[in-house]
Amino acid sequence: MNAAPLVPGETARAIGRWLNSRSLVLVGMPGAGKTTIGRRLAQALGLSFVDADQEIERAAAMPIPEIFAIHGEPAFRDGEKRVIARLLDEGPSVLATGGGAFMAEETRAAIRDKGVSIWLKADFDTLYARVRRKSGRPLLNTADPEATLRALLEKRDPVFAQADLVVRSLDAPHDHVVQALIDALAARVAAETAPAEAVAPPEIAP
């Protein structure tokens, strides 16, 4: 396991001050790397890391595929909204959300109020290569998971595009993606906290 990227102390502190009580909320498709990248980002910035799906499983005392099978997707989504709202109240942290969480307007509104959303954007080939290696993704448990993933991308990408920041999740070492996230955050902090330039009064001809 590679070490987390080095972050100058002042950069981490500046990001922390800018966040205040808000959380960094990672959104994106299954396979985008939200959990792995999020854990490393949290370590680099000195924040706690929380995985919403793990919290949902803990609250329900069963894995997500069983929640889908026994109670159905609507019940899962209702629980997901409640869990994410609670986690946002407990910020600041780095919060990794499930692939469909950001599709709910109620959740997007809560994230806008108490978080900074970051879309980990990965292309189809990268996503498909990753999700094929893992089971336990109920929405991709179909006769044609490739077609299902393409349909989900078409539906969800325009919503993910509403995120505050977009960082590409490349087929590259995780530390490279984490560093890109830190760079994007540092640029946003600098842009929003830079003092306004003094403007000289206009010269008036006598």
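Listing for the model above:
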quantity: Failed item, numbered, when residue 112 is tested on (1) open to solvent by 20 Å² or more (accessible area, probe 1.4 Å); (2) over 30 Å from residue 149 (Cβ atoms); calculated: (2)
quantity: Residue list for the stretch 106-121, filter: outside any helix (DSSP H, G or I) and under 15 Å from residue 28 (Cα atoms); calculated: 116, 117, 118, 119, 120, 121
quantity: Residue check, residue 185 touching a Phe, Trp or Tyr at 6+ places or on another chain (Cβ under 9 Å), modelled with pLDDT of 75 or more and surrounded by 14 or more Cβ atoms within 10 Å (Cβ to Cβ); calculated: yes
quantity: Condition check for residue 53: at pLDDT below 95, open to solvent by 50 Å² or more (accessible area, probe 1.4 Å) and among the charged types (D, E, K, R); calculated: no
quantity: Residues (in contact with a Leu (Cβ under 9 Å, 6 or more places away or on another chain) and acidic (Asp, Glu)) located in the stretch 61-110; calculated: 73
quantity: Selection from the stretch 96-105 of residues that are part of a loop (DSSP other than H, G, I, E, B) and closer than 16 Å to residue 48 by Cβ; calculated: 97
quantity: Residue match in the stretch 141-161 (condition: open to solvent by less than 70 Å² (accessible area, probe 1.4 Å), touching a strand residue (DSSP E or B) at 6+ places or on another chain (Cβ under 7 Å) and closer than 20 Å to residue 20 by Cβ); calculated: no
quantity: Which numbered condition residue 113 fails, given (1) under 30 Å from residue 18 (Cβ atoms); (2) in contact (Cβ under 8 Å) with a residue 60 or more places away in the chain; calculated: (2)
quantity: Residue in the stretch 22-39 that is open to solvent by 60 Å² or more (accessible area, probe 1.4 Å) and over 16 Å from residue 179 (Cβ atoms) present; calculated: yes
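The values are calculated or read from the model by the stated rules, or taken from the named source; none is laboratory data. These figures come from a predicted structure and were not determined experimentally. No Cβ is skipped: glycine too gets one built from the backbone with ideal geometry, and neighbour counts run over all protein chains shown. Accessible surface areas use protein heavy atoms only, side chains included; no ligands, DNA or RNA. Shrake-Rupley method; radii C 1.70, N 1.55, O 1.52, S 1.80 Å.
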